[in-house]
Structures are given as C-alpha cells and as structure tokens.
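Peer 1: Have a look at the structure that comes next, please.
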Amino acid sequence: MRGWAGLVLLGALLFAQPLPAQILKPWGQPSADAPAASADSFGRDTPSGTVFGFLQAAQAGDTKMAAEYLQMSAARRHSDGEEAAIQLKLVLDRAFVGSLKRISTQPDGDIQNGNSPDRQVVGNLAAGDIEAPLTLVRVTNPDGGKIWLFSSATLQKVPELADELQAKQIEPRLPRFLVRYHFLGIALWQWVGLLLAIPLAAGVGWLLLKALLFPVRAWRAYRKLPNLRATNAVSGPWWLLFGVAAHRVMMGYLGLPLLQRHYYSRVFSVVAVIAVFGILLRLSSAVITRLRNNAIAAGRTGTGSLALMGERLIKVALFIAAGLAVMGALGFNLTTALAGLGIGGLAVALAAQKTLENLFGGISVLSDEVIRVGDTCMIAGRLGVVEDISLRSTRIRTQERTELSIPNGALATMNVENFTRRDKVLFNPKLGLRYETSPDQLRFVLAEIRRMLYEHPKVESDSTRIRFASFDDSGLGLEVSSYVPTTDFAEFAAIREDLLFRIMEIVNASGTGFAFPSRTLYMGQDSGLDKAKSAVAEQQVEHWRNEKQLPFPDFAPEDIAEFRDSLAYPHPESARGQDPKNSR
C-alpha cells in the first residue's frame, strides 16, 4: 500500500502546485517573455494563459477577475459578467471534453483548418444532447496588445448547457457540509470518493492481475513446471498499472473540477509511466539474467559478462526514457529537452572520449571472448589471473598478488597471450655441451635423449625433436622441442623436472658435460674428459655404424615402434612409484 500512499501524496502536491508564471504574475506586472507594450496583466497573451487564468480566478471565487476573460462589452461585463463566469466554470468542470495540456502556449495560437488565425477551438462542451465548441478569439486589448478571450458564441451556449447540467447534479442529494467545504478546489464529498476509490481500485487491480496470470500459472502447474521468475518479478508493476487505470475510470464518474482533473491526469500519467517502465525494467532484468546463467552454464563466460554489461546499459537507457516520459507527462516541452539532451550528449561524448573508448573496448573484449574471468594471461608483460571485466577496466591478479587494472580501451589494442586456452605445453630447453665433446659423444647424447623422449609416456612422440642446432660462444648448441599433453601447469612442471633429470643423466653417461654459460679463464689443472666413459660412448656409436643403424637423421620406424612409451614414469625410485593413471 506504500505505492497508493505515495499516489495520494503526489496528487496533493500536484493539486497544490502553482500555475505557470504568466498566469500568476501580479496585476499590472509585465511578462518577462514579451515586450512590455504587448504584455497582459491577466496572462491572456496565449490561449493556454486565458484558460488557466480563468479557471484559477473562478476557483478562488474571484468572479470579477474571471469575467475579464470573457468576450463582453464593458457594460455587460459589469452587469452579467460574474454570473456568466460562474456558469462557464460549472460547464467547464462538468462538460469539457478535451485536453488542457494541448492548448497552445504560443501568442499566435495553433494553425487550425477552417478557423481564422484569431480563432482557436480548444475543446468541446457536451451536456446531454447539447454540444458546443469551446472557442477562444483574439481581440485588441484597450490597454494595448492582443489578448485571447472566451468567445461570445461560446458564452451564448453556456446558460443552456448549465441548465442541463444542474438538472443532473448530485450535490442537492448529499449532506450540506460535504458540498459546502472545499480543500484545494475539491469538495469534501469528492475527497471522500477519491480516497475510498484507492483501496477499491487496488482490489480491482489485484483481481485483474490474478485473472491475467491464472492461465499461465495453471498451464505451468499442469505441466509441473516451476513458476516463471519473470512473471513474479513484474507482478508488482502490473498491479500498480491495473490499479491506477481502475482509479482513473472511477474518477471519471466523480466529476472533479477541470483544473484538478488536469492535475489528476498528470498524476495518473506519471504513475502509469513508472508502472510501465517498472515492468520493462524487471522483465528485461529477468530475461537477461536467464540468458546470462544459460551462457555461463554452457561455458560461455564471456557472453555471460557481456549480458551483464548489456543489462546495465538497458537500465540506464530505461531510466533516461522514463525521465523523459515523466517530464512529458508533467507538461514540459520535450522538443527543447531532447535538443538540450542532444547537445549535452555531444558535449559529454567529447569530454568523455576515454570513458566511451573503455566502454566499447570492454564490449569488444567480452564479445570476442579473448579472455574470460579466471583465465591466466600475459598482458602488458605481466602474468596473472583475470578477476573481473567491468565497464571501464579489466582487473588482473598478478603473481606478486597485486591487482593490475587495465583500461578496456587499451586492452582492446594489446597483444594478449591466454595460457588457459592452450591444449598442450611446449617443452623447449636449450642445451649447451662443452667444445671438447667429440662428434660421436654428441651423436650419443642426441640419440639417447631422442630415444628417451620417444619412450617417455608423458611426451607427445609425434612432435618430438632434438637437433644439433648451433656453435654457440660457450659450447655446442642443442635444441629440444616436444609437447607435453597437459593443460595443468603444475603437472607440466613435474614432467619437465623429470625430463631435465633424465637429460642430465644422459649427458653425464656420455662422458661430456654442459658448457659454462660464461667466458671465465681458468688457470688450473683440468682433469679433462672421462676417458673410460668416452671410450664406451664411442664404441656404441661405432657399433651403430658397423651395423648400419646410426639413428641419424632419426631412428628407424620399426625401432621407434619397439621402444615407444617403454620408460617408467614416474621414475621407479620416485616416491610415487609407477602410477597406472600416468602411463599411456
């Protein structure tokens, strides 16, 4: 019921709001919007000023001032003007058909087909079978300038319309105190009807909502499906919309005065706008949330993040549209507002180029799904885990546990290396053997390391390669290249360690050693190479040569098939021993 209490409060505020400045300015004070020579002290410069000025004067009980808005001679205005003003007020309150907010606010009025420029039809008067146009005419003010008045043709029809309305008035049948006392221009009995209509309209709105949702919920209950979250989310705004619509219908039978009816229409329009945009806001939020959850469940986290960003943008757009709609309902000139919004938007766009660049950069990053939350990436030379992708920036938790924030606009132009997306890890160490190594020793090392890589169950054999690559400054360069079929870096690190130990053992078994990565001059006795091991290695290579089985450029295919995956991994001496899960 807080919404209905707010409706009553808003209605009271709007009923009590002042009229435009040109209507309320003191007598004799010229308008600030027009030259003093053409200003009218009664605000009759425009058709809207004439209608609102008359209604306010008549509602305040100042019938003498109200008569100044009627097209009459001075003598007739003095004798019959006040009575004519009272009758016209009665007819406008009960028989006016039209919209006050559509009456022109321009001194020259609107161009109407079939009417002269000095004549405006601003509505119709209808009571029973009697109808008459409500017409304003533009005449020359004796004090100077042009003013708008209720035409004499309309005034001639007013007595007949008033008689028809008085015959159907309900006030004579009500207690006198309910008719006599007024608050904010509304009789006490009308206030009672207006307040009683609020809970009644709330009940009607609730029934309409239940009737609307019953088929949907009955069908889902029959199919044993859960209730739609979107349906529950928009129930409140729908109830408000149905309630204010029912209250508006009830007020049509209450016969509020025209001026208060005009303000009530503003209240109704504002609340209806709030209800409609509340429905759109909650419905869009529920739909996007469901799409986002489905995308995340399917593994498309980038799409889920993009949906979250889209939801924020839709909310901003809906709030702006709702604000413009409320301004229009309150009678503001939206043409001026939209023009100002366009100019202001251009100025904001120029002033916030970097912000917009980051916004569209974030959309680009999320839509392309280059990175996702939780990915391990190398960005701007820094390795870390992506923790969040927001509208302005992407935040990364680095290896040093610091938080690195990168603007999305800059991120969209950077080279991003995503380690999470790799399907296997490259094992690519560079080896250097001492220059004292003989060619056969080198062949032994190459063949044994190549064989070990073929035998290892955690190395991809098809991509395995080890070659004598170069003569480096400090030694003979060997290049190893093979893939380890895992995406877990911790597992790769353990496999890499095992491979490096095995390479050390092979190099040590060959009788040679690793080259020092330096140019240090040693002034001492060098024990030299291990002659016994060198002889064994050379004999093995000589045996291959005699048997015509030198494994260069590679082992024979039948040999590879024979010893492929024959090594024990992990090493038999490892604490883990032979792990069946790790063998292929």
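Each reported figure results from applying straightforward, stated rules to the coordinates on display, with no laboratory input. Please read these numbers as outputs of a predicted model, since none were measured by experiment. Because the Cβ atoms are built from the backbone with ideal geometry, glycine has one as well, and the counts that use them run over all protein chains shown.
Peer 1: When a footprinting reagent is the concern and you count Cβ atoms within 10 Å, what order do L259, L100 take, fewest first?
Peer 2: Final ranking by Cβ density, sparse to dense: L100, L259.
Peer 1: Quick one: length gained pulling V276 to K424 fully straight, 0.36 nm per residue minus the C-alpha distance?
Peer 2: Values: separation 148, 0.36 × 148 = 53.28 nm, distance 5.34 nm.
Once the chain is fully extended between V276 and K424, it gains 47.9 nm.
Peer 1: Would you kindly state how much longer the chain becomes between V385 and A556 on full extension, computed as 0.36 nm times their sequence separation minus their alpha carbon distance, in nm to one decimal? Provide the component values of the computation, followed by the final result.
Peer 2: Values: separation 171, 0.36 × 171 = 61.56 nm, distance 4.48 nm.
Extra length available between V385 and A556 comes to 57.1 nm.
Peer 1: Moving on to the next point. What FRET efficiency do you get for A575 and A509 if R0 is 30 Å and r is their Cβ-Cβ distance, rounded to the nearest 0.05?
Peer 2: Values: r = 24 Å, r/R0 = 0.80.
Calculated transfer efficiency: 0.80.
Peer 1: Report the per residue volume, in Å³, of the convex hull enclosing the C-alpha atoms of region 369-418. Before the final figure, lay out each step's value.
Peer 2: On the way: hull volume 3.3 nm³, N = 50.
Roughly 65 Å³ of hull volume per residue.
Peer 1: Between the alpha-carbon centers of region 111-127 and region 406-472, tell me the distance in whole angstrom.
Peer 2: Measuring centre to centre over Cα atoms gives 91 Å.
Peer 1: Let me ask another. Taking 0.36 nm per residue of sequence separation and subtracting the Cα-Cα distance, how much length would be gained by fully extending the chain between A535 and N415, in nm to one decimal? Write out the running numbers ahead of the final one.
Peer 2: On the way: separation 120, 0.36 × 120 = 43.20 nm, distance 5.20 nm.
That works out to 38.0 nm of additional length.
Peer 1: So which of K430/K458; K101/K315; K458/K531 end up more than 25 Å apart by C-alpha? Mind dumping the intermediate values first?
Peer 2: On the way: K430/K458 20 Å; K101/K315 30 Å; K458/K531 34 Å.
Cα-Cα > 25 Å for K101/K315; K458/K531; rest within.
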